[in-house]
Structures are given as structure tokens and as C-alpha cells.
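Structure first, commentary second.
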Amino acid sequence: MGKVVVLAGLPGVGKTTLMNRLMELAKERGLRLGFVTYGTLMLQIAQKRGLVSDRDELKNLPLERQQELQLEASERIKALRSREGTLLVDTHMFIKTPRGRWPGISVANLGFLKPDQFLLVEEEAERILTRREKDSARRRNMSEIRGIEAELEYSRYMAAACSVMTGSPVERILNREGKLDQAVERIIALIERVGDLDA
Ligand code: ATP
Ligand code: MG
């Protein structure tokens, strides 16, 4: 059976950038890798239903509606899991809502996704803030450095919970400034090892 690797991290840490570079290298090296961006999939489902027009509107939907979309996205990801190769899922460990932090992957979603590995992308809080500010294409909520540090810490708790629920390991990936390829190589090396756990 193909593997599912969750690539999670705070907004602006560089997940999608890593994923794009990873896919380029995978093509060059003939690695069987696919990827799906959770938020994009949820947006496609929501747009089809006329619920939202852009990605940043998703978080304004009632939480119950977002939960439905999230579950549906997980169901679709389950179908995308191929017989061989690895499917990477680009997602967030949590989403900030007016009611508090909402899990990006709840136990119900884990049931569909059955991840074999969790990768938590991190970088210094100050750099994450700079990356968010640089990225003007998206409407982001600006937070202070300390807020980001608290978010980093909370993501680790969420990743630990996911790891306990699934029995799958979690590893931190540092996405250092200007060192994208270093992080990508580390991810490739880890993906290649994922099968080891089955032995
Ligand atoms: P979101 O969760 O909001 O989708 P993301 O984690 O996918 O965010 P990206 O959109 O990939 O983040 O990256 C945010 C910004 O950080 C982009 O401008 C990107 O070019 C920059 N960036 C990503 N990785 C690095 C890196 N290693 N060095 C310098 N800049 C980087
Ligand atoms: Mg992204």
C-alpha cells in the first residue's frame, strides 16, 4: 500500500514552497511522489457548493461547516492514496478560530488519512513573521513574535497527539532561510525510510 506523509507547519513557514521543490526533484529522480494541499482541496469543495469565493473566506465559515469540508477532503485524500509511492499532505496542525484553536487533523480525519509519518516544518518565529509579511498575495493575520512562538509550541503538542493516535512517528524539519534544498533533501531521505517501519 502507498504511504501517506503529513507535512504540517504554521502559515508562512514554507510548506507549499518545499512541496513544489520536492515535486521538481522527485520528477528528476523518478521518485513516486504525489501531493495534495488540504486547504486547496477544502476550497475546491466549498467553491463548488458556492460557499466561498477565495481561500481566506474559508476560516469565516461556521466551524461545523468547516468540519464537514475537512472530513470530505480527508475522504477524497483517502481515495488519492495510491497502491505504491508516497502521498504528501500539505496541511496545518491547527487553525485559529474565534472559539480557539481548531485541529487541522482530528481523530475522525486520521481515520481516513492513516498517516505513516508526520513532518513538522519549523523555522525561527522571527523568520516566519517576515515570510508572512513578504507574502502579500495572501491576507494573513499578523502576529507578534511571541504569538508565533506559542503557535510553534502548540503545533508540537498537536503533532504529538497525532503521533500517539496513529503510532506513526513525528519529525521536525527546519526550513532555514535560503536553505530550502537542505530541508527538501531531509524530507526525501525521511520519505525513503518510511517503508522501514513495515519491516
Ligand atoms: P500557508 O500555510 O499559509 O499556505 P506555507 O507554509 O505554505 O503557508 P509558503 O507559501 O510556502 O508557506 O511560503 C511563505 C513565504 O516564505 C514565501 O514567500 C516563500 O517564498 C518563503 N519561503 C519559504 N521557504 C523559504 C526558505 N527556505 N527561505 C526563504 N524564504 C522561504
Ligand atoms: Mg501553503
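Things worth noting here:
- Residue selection: Q67 fails the criterion of being in a helix (DSSP H, G or I) and within 16 Å of ligand 2 (Cβ to nearest atom).
- Conditions (1) within 14 Å of ligand 2 (Cβ to nearest atom); (2) within 11 Å of the chain's Cα centre (by Cα); (3) of a type outside the set (S, T, N, Q); number of the one not met by F94: (1)
- Selection of region 24-38 for residues being of a type outside the set (F, W, Y) and either within 19 Å of P115 (Cβ to Cβ) or near ligand 2 (Cβ under 9 Å from one of its atoms) (or both) yields A26, L31, R32, L33, G34, V36, T37.
- Tally of residues being out of contact with any Asp or Glu (no Cβ under 9 Å at 6 or more places or on another chain) and outside any helix (DSSP H, G or I) across region 48-64: 7
- Identity of the residue in region 30-45, within 16 Å of ligand 1 (Cβ to nearest atom) and hydrophobic (A, V, I, L, M, F, W, C), that ends up nearest to I187 (Cα to Cα): F35
Each value in this text was obtained by applying a stated rule to the coordinates, not by laboratory testing. For clarity, every value in this text was computed on a predicted model and none was experimentally measured. Cβ sites come from the backbone with ideal geometry, for glycine too, and all protein chains shown count toward neighbours.
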